[in-house]
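The values are calculated or read from the model by the stated rules, or taken from the named source; none is laboratory data. As the structure is a prediction and not an experimental result, all values here were calculated from the model. Positions of Cβ are generated from backbone atoms using ideal geometry, with glycine treated the same way; all protein chains shown enter the neighbour counts. To get the accessible areas, we keep the full protein, side chains included, count just its heavy atoms, and leave off ligands, DNA and RNA. Shrake-Rupley method; radii C 1.70, N 1.55, O 1.52, S 1.80 Å.
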Amino acid sequence: MRRRPVLAAAVAVIGALALAGCGDSDSGSDSAATGAELSVDAAYIPQPVSDSMAAGFLTITNEGDAADELTSVTSETGEVTVHETVDGTMKEVDRLEVPAHGQLVFRSGGNHLMFEKLRQQPKQGQSVVVELHFAHSDPVTVKLPVKAATYQPTTGHSGHSEDSGH
């Protein structure tokens, strides 16, 4: 008689585990189908006028259903920090959102990458390679061609550049 309660408890535990397994597999496939899909274009760096500092600009596009965040940028060229400009005031930030079905734009007078402690001054015609790191997505390596110090993009940072990475 003592076996029935033990058998009933075992069946209940096995049933609960089977149901939990089904729930985990469903939620896993949903999150994979709704992630961020990031690409980068309109990347460039104006030839720096300073030996130790430069700025970089690009557009990160997210075609996915989930937002992500740019958390850091690294480069062998020097130290790179992320800056945002709000009401004309520039400040360093730890992260910037890349909205779902949207863009994070870095442009002159707005958000930008700040290169400091340059190992050598990039010259027009060269490229600077950076690696963008995100909260949820894999890193993206981007080549920023060095343009004239007075360069102004004609595409408003929405066009594609053959020199940018994906």
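Residues that are surrounded by fewer than 18 Cβ atoms within 10 Å (Cβ to Cβ), modelled with pLDDT of 95 or more and of a type in the set (Ser, Thr, Tyr): list the strands (runs of 3 or more DSSP E) wholly contained in the stretch 47-89 that include at least 3 such residues.
Where strands (runs of 3 or more DSSP E) fall fully within the stretch 47-89 and carry at least 3 residues being surrounded by fewer than 18 Cβ atoms within 10 Å (Cβ to Cβ), modelled with pLDDT of 95 or more and of a type in the set (Ser, Thr, Tyr), they are 68-74.
Identify all residues within the stretch 93-128 that are under 17 Å from Ser39 (Cβ atoms), in contact with an Asp or Glu (Cβ under 9 Å, 6 or more places away or on another chain) and not in a loop (DSSP other than H, G, I, E, B); write none if there are none.
Passing the criteria: Leu96, Glu97, Val98, Leu104.
Look through Gln103, Gln126, Gln120 and report the one residue that is open to solvent by 60 Å² or more (accessible area, probe 1.4 Å), at pLDDT 95 or above and closer than 16 Å to Val146 by Cα.
Matching residue, one of Gln103, Gln126, Gln120: Gln126.
Return yes or no: is Asp68 free of Cβ contacts under 8 Å to residues at least 40 places away in the same chain and more than 22 Å from Ser127 (Cα to Cα)?
Judged against the criteria, Asp68 is not a match.
Looking for whichever is open to solvent by 40 Å² or more (accessible area, probe 1.4 Å) and at pLDDT 95 or above here; the options are Thr155, Thr141. Which one fits?
Residue meeting the stated conditions: Thr141.
Select from the stretch 35-46 the residues that are open to solvent by 20 Å² or more (accessible area, probe 1.4 Å) and assigned to a strand (DSSP E or B) and write down the one among them that is nearest to Arg107 (Cα to Cα).
Among them, the one singled out is Pro46.
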